[in-house]
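What follows is calculated from the coordinates using simple rules that are stated; it is not laboratory data. Here the structure is a predicted model, which is why all the values come from computation and not from measurement. All Cβ positions, glycine included, derive from the backbone under ideal geometry; neighbour counts span all protein chains shown.
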Amino acid sequence: MSKRTIHPARSLNGGLEPPGDKSISHRYAMLAALADGPSELRHFSSAADCRSTLGCLRALGVEVKTEKDRVGILGRGPGGLRSSRRALDAENSGTTMRLLAGILAGQPFFSRITGDASLRRRPMRRVVEPLRRMGAQISARDEEFAPLEIRGGKLQPIDYSMPAPSAQVKSAVLLAGLFADGVTSVVEPVRTRDHTEIALAEFGAKVETEGLAVRVHGLGAGQARCLEPITFDVPGDLSSAMFFLCAGLLLPDSNLLMHRVGMNPTRTAALDALSSMGAELKIVSLGCAQGEIVGDIAVRSSRLAGGVIEGRQVAQMIDELPLLAALGPFTEQGIEIRDARELRVKESDRIAAMAENLRRMGARVEERPDGLRVEGRAAGSLRGAEIDPRGDHRIAMAFSVAALAAEGPTVIRGAECAGVSYPEFFPELDRLVER
């Protein structure tokens, strides 16, 4: 287990192109495997989670070639996957497990999918139940946890009203809907990221959205029977860019320009929240690339007011909440997060991890069942400490950002966990930081 020492910094300056979007890379790789012919995905995510998806696809008989950040996938059509003799290993990737479960539910063979100790503790009933309603036979440990054993086959379309917002569950049902004879619909309580809907349309599936409802037509329901292969440039990952963006806001005299960042409206709630707190952010260019919005973001150091994050905001910025909590001690009013119980069942219990490590650095924190309250500047400055991210990539990177503006050095234990989503994080930080 490696340790990383972060020293206080004066500013953050330069240009940055974040790695390919993790959420998009997962989805496009899976759909490319179901397409009829070769697809090329450029600027594919370097995250370990996305390598897990590619590994599972290879185990299912898909030809996958990688060269730097380019991935070539030879799709053999929706019926081209083959049963794996060994259990599929999603490692630490919940997206891999949940989305692939939707595809495996429609395959005429038995599959077993598992993951590491962290993933085997994360809830899976939320995806198992709708897939069972479609006709798949799925068993889970204690009806809740991986490994999942899936005996797929012919599926029935369903109209599914989601009890809680989850882009992964929505995506799993839509992907399963490709193998149903008819139209499958999903209605969300709150709008979540729509990369799956965009990807389905790019690959030639018939997909319709109306308000909070999404409908996908099965490939055997009078539509084109195969998805079309594509060549696609994956936008930069906004969730990864946010760590540098927030560091630039905290450190005086910072001037940072981030290139080709994905600006999908279902992903920009955290930018809106920061802007409302006083962040100096400027979108200096904006364009559209095959259904996804891409832009450049200029960041300057700013004095942040702080505020409350709750309700509908939470589902739209769930990945950014640990980072925003880490900003709390540097804001005027502090930051309060409510309605975020989902953070308890991520790669770690992120509420507990944030509260514990912020207290180690001297912050005043009130931990609650569904969130936390972090006091602002008036409670005093943060000091360097030894941080335990509990193997969670977002906790490790969030506290690396906080450490840049703390007094004295901070040690991040198990810092290699950042590679789950952003292997280049620490080298990029070293390149941009001025001390």
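Below, the figures for the structure above:
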| item | result |
| --- | --- |
| Cut-off under 5 Å, modelled amide H: who pairs with SER46 long-range | GLY20 |
| FRET efficiency, ARG377 to GLU149 (Cβ-Cβ, R0 41 Å, nearest 0.05) | 0.20 |
| Gain on full stretching of the segment that runs from ARG344 to GLU424 - 0.36 nm per residue minus C-alpha separation | 26.1 nm |
| For region 22-233: rounded, prolate or oblate by the Cα gyration tensor [a/c cutoff 1.5] | rounded |
| Proximal charge balance of PHE109 [Cβ under 10 Å; K/R count +1, D/E count -1] | +2 |
| Rounded if a/c under 1.5, otherwise prolate or oblate - region 386-435, Cα gyration tensor axes | oblate |
| Length added when fully stretched, ARG42-ASP253, from 0.36 nm per residue minus Cα-Cα | 72.5 nm |
| Rounded if a/c under 1.5, otherwise prolate or oblate - region 344-423, Cα gyration tensor axes | oblate |
| Distance (nanometres) between label positions extended 7 Å along Cα→Cβ at GLU386 and ASP142 | 3.1 |
| Lys pairs, the chain - Cα-Cα below 29 angstrom, 8 or more residues apart or on other chains | 15 |
| In Hz, Karplus ³J(HN,Hα) per residue of region 9-21 (6.51, -1.76, 1.60; θ = phi - 60°; x = Gly, Pro) | 10, 8, 7, 10, 9, x, x, 8, 10, x, x, x, 4 |
| Amide H partners (placed H, <5 Å) of ILE387, local residues excluded | VAL411, ILE412, ARG413 |
| Student exercise, the chain dipole from Lys, Arg, Asp, Glu Cβ charges, in Debye to nearest 20 | 900 |
| GLU143, GLU17 arranged by Cβ crowding within 10 Å, fewest neighbours leading | GLU143, GLU17 |
| Cβ-Cβ FRET estimate between ARG431 and ARG112, R0 fixed at 41 Å, reported to 0.05 | 0.45 |
| Approximate spin-label separation ARG86-ARG413, in nm, with each point projected 7 Å along Cα-to-Cβ | 3.1 |
| For ILE297, ILE138, order by how many other beta-carbon atoms lie within 10 Å, fewest first | ILE138, ILE297 |
| Listed residues THR231, LEU256, LEU31: farthest to the positive end of the dipole of the chain (Cβ charges) | LEU31 |
| The chain: relative contact order in percent, alpha carbon pairs under 8 Å with at least 6 residues between | 19 |
| Under 20 Å from the ASP233 label point (7 Å along Cα→beta-carbon), backbone N, region 40-75 | 40-47, 67-73 |
